[in-house]
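Handing you this structure, nothing more for now.
The values are calculated or read from the model by the stated rules, or taken from the named source; none is laboratory data. What you are looking at is a predicted structure, and each value in this text was computed from that prediction instead of being measured. Using ideal geometry, Cβ is built from the backbone for each residue, glycine included, and neighbour counts are taken over all protein chains shown. Ligands, DNA and RNA are stripped out before the accessible areas are found, and what is left, the full protein with its side chains, is counted by its heavy atoms. Shrake-Rupley method; radii C 1.70, N 1.55, O 1.52, S 1.80 Å.
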Amino acid sequence: FLTFAVFLTIFIIMDKFSLDQFNERKIVTQDMLNSNGTLFGGYVLSWMDLIGHRMAIHITKRTMFTAYADKIKFKKPAFLNDEIEIRGTIIELGAVKLVLQMEVVANPDKECQKVVEGIFTFVELDNNMRPTRIHYPSHSD
(Lines give C-alpha, C1' and ligand atoms only; values in the text may rest on other atoms or scores of the structure.)
Protein backbone atom coordinates (compact mmCIF):
# COMPACT_ATOMS: atom_id res chain seq x y z
CA PHE A 1 0.00 0.00 0.00
CA LEU A 2 2.85 2.39 0.85
CA THR A 3 4.39 1.90 -2.60
CA PHE A 4 1.04 2.69 -4.21
CA ALA A 5 0.65 5.82 -2.05
CA VAL A 6 4.12 7.06 -3.00
CA PHE A 7 3.41 6.35 -6.69
CA LEU A 8 0.08 8.17 -6.46
CA THR A 9 1.72 11.16 -4.77
CA ILE A 10 4.43 11.30 -7.43
CA PHE A 11 1.81 10.99 -10.17
CA ILE A 12 -0.23 13.86 -8.71
CA ILE A 13 2.80 16.13 -8.38
CA MET A 14 4.09 15.22 -11.84
CA ASP A 15 0.61 15.86 -13.22
CA LYS A 16 0.46 19.25 -11.54
CA PHE A 17 4.00 20.40 -12.33
CA SER A 18 5.60 20.14 -15.73
CA LEU A 19 9.09 18.83 -14.99
CA ASP A 20 10.27 20.07 -18.38
CA GLN A 21 10.56 23.55 -16.92
CA PHE A 22 13.45 22.31 -14.79
CA ASN A 23 15.54 21.42 -17.79
CA GLU A 24 18.01 24.19 -18.38
CA ARG A 25 20.49 24.55 -21.22
CA LYS A 26 23.88 26.22 -21.35
CA ILE A 27 26.67 26.55 -23.90
CA VAL A 28 30.20 25.66 -22.78
CA THR A 29 32.35 28.77 -23.14
CA GLN A 30 36.10 29.27 -22.88
CA ASP A 31 35.94 30.54 -19.29
CA MET A 32 34.26 27.24 -18.21
CA LEU A 33 37.14 25.02 -19.36
CA ASN A 34 39.74 23.41 -17.11
CA SER A 35 43.43 22.96 -17.96
CA ASN A 36 42.54 19.84 -20.01
CA GLY A 37 40.29 21.85 -22.32
CA THR A 38 37.10 20.23 -21.01
CA LEU A 39 34.21 21.58 -18.95
CA PHE A 40 35.28 22.12 -15.32
CA GLY A 41 33.38 19.74 -13.00
CA GLY A 42 32.72 22.47 -10.45
CA TYR A 43 30.50 24.31 -12.90
CA VAL A 44 28.53 21.17 -13.62
CA LEU A 45 27.99 20.37 -9.94
CA SER A 46 26.83 23.90 -9.18
CA TRP A 47 24.37 23.78 -12.09
CA MET A 48 22.99 20.44 -10.90
CA ASP A 49 22.52 21.81 -7.38
CA LEU A 50 20.95 25.06 -8.60
CA ILE A 51 18.44 23.40 -10.95
CA GLY A 52 17.67 20.71 -8.35
CA HIS A 53 17.08 23.41 -5.74
CA ARG A 54 14.71 25.32 -8.03
CA MET A 55 12.86 22.08 -8.72
CA ALA A 56 12.60 21.25 -4.98
CA ILE A 57 11.18 24.69 -4.17
CA HIS A 58 8.68 24.50 -7.02
CA ILE A 59 7.48 21.04 -5.99
CA THR A 60 7.19 21.73 -2.26
CA LYS A 61 6.39 25.46 -2.23
CA ARG A 62 8.72 25.53 0.81
CA THR A 63 12.14 26.93 1.62
CA MET A 64 14.45 24.02 0.81
CA PHE A 65 18.14 23.39 1.45
CA THR A 66 20.59 20.98 -0.14
CA ALA A 67 21.35 18.28 2.44
CA TYR A 68 23.81 16.34 0.32
CA ALA A 69 24.86 15.25 -3.12
CA ASP A 70 25.64 11.57 -3.60
CA LYS A 71 26.75 9.08 -6.22
CA ILE A 72 28.20 11.76 -8.48
CA LYS A 73 29.55 10.08 -11.60
CA PHE A 74 31.50 11.94 -14.25
CA LYS A 75 30.84 9.83 -17.33
CA LYS A 76 32.13 11.80 -20.34
CA PRO A 77 33.78 15.16 -20.88
CA ALA A 78 32.05 18.15 -22.42
CA PHE A 79 33.96 20.50 -24.72
CA LEU A 80 34.00 24.09 -25.88
CA ASN A 81 30.74 25.08 -27.63
CA ASP A 82 28.89 21.92 -26.51
CA GLU A 83 25.28 22.54 -25.58
CA ILE A 84 24.62 21.21 -22.07
CA GLU A 85 21.22 20.30 -20.64
CA ILE A 86 20.67 19.85 -16.89
CA ARG A 87 17.68 17.60 -16.06
CA GLY A 88 15.97 16.57 -12.84
CA THR A 89 13.72 13.62 -11.99
CA ILE A 90 11.91 12.88 -8.72
CA ILE A 91 13.18 9.76 -6.96
CA GLU A 92 11.56 10.15 -3.54
CA LEU A 93 9.03 12.45 -1.93
CA GLY A 94 9.85 11.63 1.68
CA ALA A 95 8.42 12.98 4.90
CA VAL A 96 11.57 15.00 5.64
CA LYS A 97 13.49 14.82 2.38
CA LEU A 98 13.02 15.24 -1.35
CA VAL A 99 15.43 13.19 -3.46
CA LEU A 100 16.16 14.06 -7.09
CA GLN A 101 18.15 12.30 -9.80
CA MET A 102 20.05 15.01 -11.63
CA GLU A 103 21.78 14.44 -14.94
CA VAL A 104 23.71 16.55 -17.38
CA VAL A 105 23.85 15.68 -21.06
CA ALA A 106 25.89 17.20 -23.87
CA ASN A 107 24.34 18.03 -27.23
CA PRO A 108 20.79 16.91 -26.30
CA ASP A 109 19.43 17.52 -29.81
CA LYS A 110 22.15 15.47 -31.50
CA GLU A 111 24.03 12.49 -30.03
CA CYS A 112 22.97 13.27 -26.44
CA GLN A 113 25.84 11.95 -24.33
CA LYS A 114 25.45 11.78 -20.55
CA VAL A 115 28.21 13.87 -18.96
CA VAL A 116 27.42 13.68 -15.22
CA GLU A 117 24.76 12.16 -13.01
CA GLY A 118 24.08 12.30 -9.29
CA ILE A 119 21.54 12.12 -6.51
CA PHE A 120 20.66 15.35 -4.69
CA THR A 121 18.71 15.39 -1.42
CA PHE A 122 16.86 18.49 -0.26
CA VAL A 123 15.29 19.17 3.15
CA GLU A 124 13.26 21.85 4.84
CA LEU A 125 14.83 23.19 8.03
CA ASP A 126 13.07 24.42 11.16
CA ASN A 127 14.10 27.46 13.23
CA ASN A 128 16.81 25.35 14.92
CA MET A 129 18.26 24.42 11.50
CA ARG A 130 17.13 20.80 11.82
CA PRO A 131 15.26 18.88 9.11
CA THR A 132 11.51 19.13 9.58
CA ARG A 133 8.50 17.44 8.01
CA ILE A 134 7.79 18.65 4.48
CA HIS A 135 4.15 19.59 3.95
CA TYR A 136 3.72 19.03 0.22
CA PRO A 137 1.03 21.14 -1.44
CA SER A 138 -2.23 19.35 -2.15
CA HIS A 139 -3.33 18.75 -5.72
CA SER A 140 -5.87 21.57 -5.40
CA ASP A 141 -3.26 24.21 -4.33
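Pick out, from the range 28-141, the strands (runs of 3 or more DSSP E) lying fully within it that include 3 or more residues that are among the acidic types (Asp, Glu).
83-93
Only one of (1) at pLDDT 95 or above; (2) charged (D, E, K, R); (3) open to solvent by less than 70 Å² (accessible area, probe 1.4 Å) is not met by Arg87, so which one is it?
(1)
Suppose the filter is surrounded by 15 or more Cβ atoms within 10 Å (Cβ to Cβ), modelled with pLDDT of 90 or more and within 19 Å of Tyr136 (Cα to Cα); does Phe122 pass it?
For Phe122, the condition - surrounded by 15 or more Cβ atoms within 10 Å (Cβ to Cβ), modelled with pLDDT of 90 or more and within 19 Å of Tyr136 (Cα to Cα) - is met.
Something else about it: Look through the range 125-136, keep the residues that are without any contact (Cβ under 8 Å) to a residue 40 or more places away in the chain and either open to solvent by less than 100 Å² (accessible area, probe 1.4 Å) or of a type in the set (A, V, I, L, M) (or both), and return whichever of them is nearest to Leu100 (Cα to Cα).
Ranking the candidates gives Thr132 first.
For Phe122, are the conditions met, namely being closer than 19 Å to Asn23 by Cβ, in contact with a Leu (Cβ under 6 Å, 6 or more places away or on another chain) and aromatic (Phe, Trp, Tyr)?
Taking the combined requirement at face value, the residue satisfies it.
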